[in-house]
Amino acid sequence: MSNLNLTDKLETLVEHRDRLALVTTKSLFEDDSDRFGQFSRRLGNVLFDFSKNKVDRLAFEALVQTAVDLDVEEKRDRMFAGEVINVTEGRAVLHTALRRPAEGSVLAGGADVMPQVRQVLESLKSFSESVRSGDYTVTGGPVTDVVNIGIGGSDLGPRMVTHALRPYHDGPRLHFVSNVDGADLSDTVKQLSPETTLFIVASKSFTTLETMTNAHSARSWLESKVGDSAHQHFVALSTNLEATREFGIPDERTFGFWDWVGGRCSVWSAIGLSVMMAIGSSRFEEFLSGAYEADEHFRTAPLGENIPAIMALLGVWHRNVCACRTYAILPYDNRMQDFPGWLQQLDMESNGKSVATDGKPVVLDTAPVVFGEPGTNGQHAFYQLIHQGTEIVPCDFLVAARGHEATLDYHHRLLASNCFAQSEALMTGRSLEDADGDPHRVFEGDRPSNTFLYEKLDPGTLGMLMALYEHKIFVQGALWNINSFDQWGVELGKELAYSIEGMIDAGDPSQANNGSTRGLLEAFQALRSD
Ligand code: F6P
């Protein structure tokens, strides 16, 4: 284990940045006819092109050496070996075990977790197939609609995957309720027939305020419609069996997982039940296999060939060497509309940290602000800033070679052309001369991007892409020496919300902790009494 940290490596990386300041990214292609070959990697049918970043072979070697010197491989191996790397919560991090094929064992705390993983997967498969086939019935017969009630990792993953894989959807209709805002539940149940609706209460802790509030209200709604048989309409996904029983969901309709599955990487566990209901268990297994392929690649490929490691190193290059504060995720796939939201939680909840694993303040910036929108919609909203704003925004583009709409292939060709055009425009820019001397039409260029290109967004490809991003976030956490697997930053607001709600209930804002909150509570009370 080395005692080096990223600060020790920064000087060398900054020297490369300053050396490259004298050239353009476009000229790097002129100087190296094999630049695309050198700066792209393939995994299965996924091509990762990172040649449009202003990094040459020497800078790339220095980045890879940084990962070597900061023990990324050793840290990775400790994760796969089930060591307690989530030190602040005393947990192993083993979501990779969830996508392993049947053979082999994975140890956590000396015990093989795979028998339980397989057993839960088998029960999920048989339950979801019985719902899909109509064998499992509720008050009004077979289930027509499934509502996943969850939030954060218990919502964003299943919601994103279900929407992204809509062409494979052949099960009951799926709905997602996450927000404690009653509008979410109310707008959803308006579309439903209570007699044939199944609610999945998805919560690792089974204590999350939003989820439990929505679950209780959903149950009251059902009870008012179907009376005592309401209980048949509930399924739980949780690690907290005591709480699921207390809520009244029997163990045979409760699917468990374990503390070594982090919320934001839980779609591979029982939390993925809604996905399985939508696309079926064999397609869900293809989704797991795609992720497993990415796991094996991450676990075994040398760092210079390792896509997640390269993604992470480029992220660190942009964040710490070039001081970029934001990062855009731009899927050219309308069904990936929830991908940026999923990645926001993965990146910002994992690495939005200012304390290192040793408890000391970090000295370098950590996670960027992540945002995004499917192309081409984003082009007509915020791309202006990405092209000509004062902020450099590194971008990830994602696009399939083929869409699912065979009869609308012309649309897909336009979509892909726009994707390739945007990354080219960002890199090459337009000079004052080419803009006929009009400074408003000048594009600086040299704006970095990566592109993922794959044949088609099928379950395996989506699983692979998601796992690559998960591992990228892991490597960045390792380079920044932070614990990517806790989320203490969400606690304080939760605690305060409970105490403020007590004041609202009691109609007594006088106990508020400060003048602003007191003033707001008084005004809130006054507006509600009018
Ligand atoms: O946002 C905090 C968080 O703990 C996330 O990490 C998690 O995904 C989410 O809340 C939901 O938690 P649970 O699954 O326990 O309801």
Among TRP221, THR239, MET276, whose Cα lies farthest out toward the positive end of the dipole of segment 166-289, if unit charges sit on the beta carbon of Lys, Arg (+1) and Asp, Glu (-1)? MET276
Length-normalised contact order for the chain - Cα pairs under 8 Å, 6+ apart - percent: 19 percent
Dipole size in debye (nearest 20) for segment 168-263 around its Cα centre, Lys and Arg Cβ +1, Asp and Glu Cβ -1? 120 debye
Going by a ≥ b ≥ c, the root eigenvalues of the Cα gyration tensor, does segment 258-395 fall in the rounded group (a/c under 1.5), the prolate group (a/b larger than b/c) or the oblate group? oblate
Note down the relative contact order for segment 144-249 as a percent, whole number, built from C-alpha pairs under 8 angstrom at least six residues apart. 31 percent
Quick check for you: with a 1.4 Å probe and neighbouring chains kept, what is the accessible area per residue of segment 180-270, in Å²? 40 Å²
Rounding to the nearest 10 and keeping the result within 0 to 90°, find how far the Cα-based axis of helix 209-226 lies from the longest principal axis of the chain. 40 degrees
Magnitude of the Cβ-charge dipole (Lys and Arg +1, Asp and Glu -1) of the chain about the Cα centre, nearest 20 debye, reported as 380 debye
Roughly how many percent of the accessible protein surface of the chain is carbon and sulfur, given a 1.4 Å probe and a whole-percent answer? 51 percent
Arrange the residues HIS175, HIS380 by how much accessible surface each exposes, largest first, with a 1.4 angstrom probe. HIS380, HIS175
If you only keep lysine pairs separated by 8 or more in sequence, or across chains, how many in the chain come under 14 Å at the Cα atoms? 4
Among PRO439, GLY502, PHE255, whose Cα lies farthest out toward the positive end of the dipole of the chain, if unit charges sit on the beta carbon of Lys, Arg (+1) and Asp, Glu (-1)? PHE255
Determine how large the accessible area of VAL235 is when every protein chain is in place; take a 1.4 Å probe and give Å² rounded to the nearest 10. 0 Å²
Accessible area per residue for segment 1-158 in Å², computed with a 1.4 Å probe and the full protein assembly in place, what is it? 45 Å²
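Hey, can you find the accessible area per residue of segment 340-420 for me, probe 1.4 Å, expressed in square angstrom?
50 Å²
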Angle in degrees between helix 281-300 and the longest Cα principal axis of the chain, rounded to the nearest 10: 40 degrees
Would you work out which of GLY44, GLY109, VAL14 lies farthest towards the positive end of the dipole of segment 1-118? Charges go on Cβ: Lys and Arg +1, Asp and Glu -1. GLY44
Taking the Cα centroid of segment 454-519 and of segment 211-235, what is the distance between the two, rounded to the nearest whole Å? 27 Å
Spatial separation of Cα centroids for segment 311-355 and segment 65-126, in angstrom: 24 Å
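The values are calculated or read from the model by the stated rules, or taken from the named source; none is laboratory data. Nothing here was measured: the structure is a model prediction, and the numbers come from that model. Ideal geometry is used to build each Cβ from the backbone, glycine not excepted, and the neighbour counts take in all protein chains shown. Accessible surface is based on the protein model in full, side chains and every heavy atom, while ligands, DNA and RNA are left aside. Shrake-Rupley method; radii C 1.70, N 1.55, O 1.52, S 1.80 Å.
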